[in-house]
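The values are calculated or read from the model by the stated rules, or taken from the named source; none is laboratory data. Because the structure is predicted, anything quoted here is derived from the model rather than measured. Every residue, glycine as well, gets a Cβ built from its backbone with ideal geometry; the counts of neighbours run over all protein chains shown. Ligands, DNA and RNA are excluded from the accessible area calculation, which covers all protein heavy atoms including side chains. Shrake-Rupley method; radii C 1.70, N 1.55, O 1.52, S 1.80 Å.
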Amino acid sequence: MEGLLSRCRALPVLATCSHQLSGSGPHRFYHCDPERGKRLVLSRMFQPQNLREDQVLSLEGTSGDLTCKSQRLMLHVGLIHPASPGCYHLLPYTVRAMEKLERVIDQEMRAIGGQKVNMPSLSPGELWRATNRWDLMGKELLRLRDRHGKEYCLGPTHEEAITALVASQKTVSYKQLPFLLYQVTRKFRDEPRPRFGLLRGREFYMKDMYSFDSSPEAARHTYSLVCEAYGSLFRRLGLRCVRVQADVGSIGGTASHEFQLPADIGEDRFAVCPGCGFSANMETLHWPQTDCPACGGPLTEARGIEVGHTFYLGTKYSSIFNAQFTDAQGRPCLAEMGCYGLGVTRILAAAIEVLSTEDCVRWPGLLAPYQLCLIPPKKGSKEEAAAELMDHLYDLITEALPQLRGEVLLDDRTHRTIGNRLKDANKFGYPFVIIAGKRALEDPAHFEVWSQNTGEVLFLTREGVTEFLSQVRVV
């Protein structure tokens, strides 16, 4: 051990960092700089951009597969990077947005009593054989054997695993129910033809919740609560999703609803009745059917991206794994179940698909990786004297508005013009951009404040900037 420590002490990288911290040499790493270490600067961001089309097509397929706006934008600005067909590296901006989305999901799920768990992605084959889904899922189920010949799958969903977990608890009382157990984890599906970037891949993130109730009535109440929570989630994100009746598919159960985000690129088709509000996936209707089955009025057809799905399962799984509780009379009873999915990576990509322009990413306000980008003047320009004012403004914002700490990015690439950096800021989709231009040299200094989502431009003093930004909501 002593020999290992001695070798580590001799490593040049440690000597370099020590030299920097002593203040006797140039600062190479911004986090070692006592003056700028607390400021996030754009030049340090890892964001591979502008992939050549041949680089993308070698992993994405044909050029026709790049017709999806969200896919093109996310590749172009460095939000994702292809690893293999249907699999992507999620880069820092995307990870920040996903972490925010997960926080919003956590808030909504916990508000209705959800408890977060984390189950293994590797699921024993015998669990899936017990429900007959080992065969029913077909080639979309990614299967493997360990060195002992034991069969597993990489879970696309976790009904078997969660029901077996609850069934292993032998002393569940009706007083403890309902259980609403959920997770946000990677899922896997061997798509025959992955496409549209994060909208349809082989590896993706999903929020899956499973409910266990003491009666059908209680289970239907829980089902309604989750659907209402989904509606609240999408409203907070500014996404106008439509809840539609849907087929239960391979998951099963007796009732199912999808949450569809209307989009031209959507692979699902659904019908809505403007008169009574009835809505359903076209797969559940008789083809062709042009009249509403509820009121007889005309149906309007649309395309959508499925971003959420709910199922009322009844005792389909609890009866197989014997997931029981004891009722008020001490009798064993099977739990009534539901399951509820949200496509986390799909929500992110779908939001970019419907909110963005052809050339510029736009985010739901709560999910923007950074809320604010500051653009100081170009080095050597007439306005260069305002650069220090921008540094002070950065510090003022993060001190006066604690909620924005970690949300402010300084575009320190001062070898580029303000116009070029503003174009980049527009492309990346920061909700707010502040520029130190000519009016920053006035007394008092006025900063140019751009609201990217509305196109509004204001000239504000530093006090006006903090008052304006105090309304920004973050999670």
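Consider residue 314 carefully, then state whether it is of a type in the set (Gly, Ala, Ser) and either open to solvent by 20 Å² or more (accessible area, probe 1.4 Å) or under 23 Å from the mean Cα position of the chain (by Cα) (or both). No. Scanning region 407-420 for residues that are surrounded by 14 or more Cβ atoms within 10 Å (Cβ to Cβ), in a loop (DSSP other than H, G, I, E, B) and not hydroxyl-bearing (Ser, Thr, Tyr) yields a total of 5. For region 421-475, the candidate set comprises residues that are part of a loop (DSSP other than H, G, I, E, B) and acidic (Asp, Glu); within that set, the residue that is least open to solvent (accessible area, probe 1.4 Å) is 442.
One line per residue, one yes/no per condition, for (1) under 24 Å from the mean Cα position of the chain (by Cα); (2) on the phi > 0 side of the Ramachandran plot; (3) modelled with pLDDT under 95:
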site	(1), (2), (3)
230	yes, no, no
234	yes, no, no
239	yes, no, no
244	yes, no, no
248	no, no, yes
257	yes, no, no
266	yes, no, no
273	no, no, no
279	no, no, no
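For residue 231, the conditions (1) within 25 Å of residue 273 (Cα to Cα); (2) in contact with a helix residue (DSSP H, G or I) (Cβ under 7 Å, 6 or more places away or on another chain); (3) open to solvent by 10 Å² or more (accessible area, probe 1.4 Å) all hold with the exception of (2). Against the test of being among the hydroxyl-bearing types (Ser, Thr, Tyr), open to solvent by 70 Å² or more (accessible area, probe 1.4 Å) and touching a strand residue (DSSP E or B) at 6+ places or on another chain (Cβ under 6 Å), the options 290, 300, 284, 222 yield a single qualifying residue, 300.
Look through 394, 370 and report the one residue that is crowded, with 18+ Cβ neighbours inside 10 Å, among the aromatic types (Phe, Trp, Tyr) and over 24 Å from residue 69 (Cα atoms). Only one candidate passes the filter, namely 394. Check whether at least one residue in region 197-207 is crowded, with 19+ Cβ neighbours inside 10 Å and over 23 Å from the mean Cα position of the chain (by Cα), and report yes or no. Looking through region 197-207, none of the residues is crowded, with 19+ Cβ neighbours inside 10 Å and over 23 Å from the mean Cα position of the chain (by Cα). When residue 329 is tested against (1) in the same structural domain as residue 271 (by the TED database); (2) within 30 Å of residue 268 (Cβ to Cβ), exactly one condition is not met: (2). Out of everything in region 245-256 that is closer than 17 Å to residue 279 by Cα and without any contact (Cβ under 8 Å) to a residue 40 or more places away in the chain, what residue ends up being surrounded by the fewest Cβ atoms within 10 Å (Cβ to Cβ)? Restricting to residues being closer than 17 Å to residue 279 by Cα and without any contact (Cβ under 8 Å) to a residue 40 or more places away in the chain, the top hit is 247. From the list 360, 295, the one residue that fits, being under 30 Å from residue 422 (Cα atoms) and surrounded by fewer than 18 Cβ atoms within 10 Å (Cβ to Cβ), is 360.
Against the list (1) of a type in the set (Lys, Arg); (2) closer than 15 Å to residue 338 by Cβ; (3) touching an Asp or Glu at 6+ places or on another chain (Cβ under 7 Å), the condition residue 220 fails is (3). Total residues in region 108-155 satisfying the condition of being within 22 Å of residue 204 (Cα to Cα) and of a type in the set (S, T, N, Q): the figure is 4.
Here residue 147 fulfils each of the conditions (1) among the basic types (Lys, Arg); (2) farther than 27 Å from residue 90 by Cα; (3) open to solvent by less than 10 Å² (accessible area, probe 1.4 Å) apart from (3).
Within this structure, residue 99 fails the test of being touching an Asp or Glu at 6+ places or on another chain (Cβ under 6 Å), surrounded by fewer than 16 Cβ atoms within 10 Å (Cβ to Cβ) and not hydroxyl-bearing (Ser, Thr, Tyr). Every listed requirement among (1) under 26 Å from residue 117 (Cα atoms); (2) in a loop (DSSP other than H, G, I, E, B); (3) open to solvent by less than 30 Å² (accessible area, probe 1.4 Å) is met by residue 239 save one, (1). Scanning region 260-281 for residues that are open to solvent by 10 Å² or more (accessible area, probe 1.4 Å) and not in a loop (DSSP other than H, G, I, E, B) yields 262, 268, 269, 272, 279. Selection of region 424-475 for residues being free of Cβ contacts under 8 Å to residues at least 60 places away in the same chain and basic (Lys, Arg) yields 438, 439.
Scanning region 107-117 turns up at least one residue that is open to solvent by 20 Å² or more (accessible area, probe 1.4 Å), of a type in the set (Val, Ile, Thr) and not in a helix (DSSP H, G or I).
Put simply, of 182, 152 the only residue that is more than 17 Å from residue 340 (Cα to Cα) and either touching a strand residue (DSSP E or B) at 6+ places or on another chain (Cβ under 7 Å) or part of a strand (DSSP E or B) (or both) is 152.
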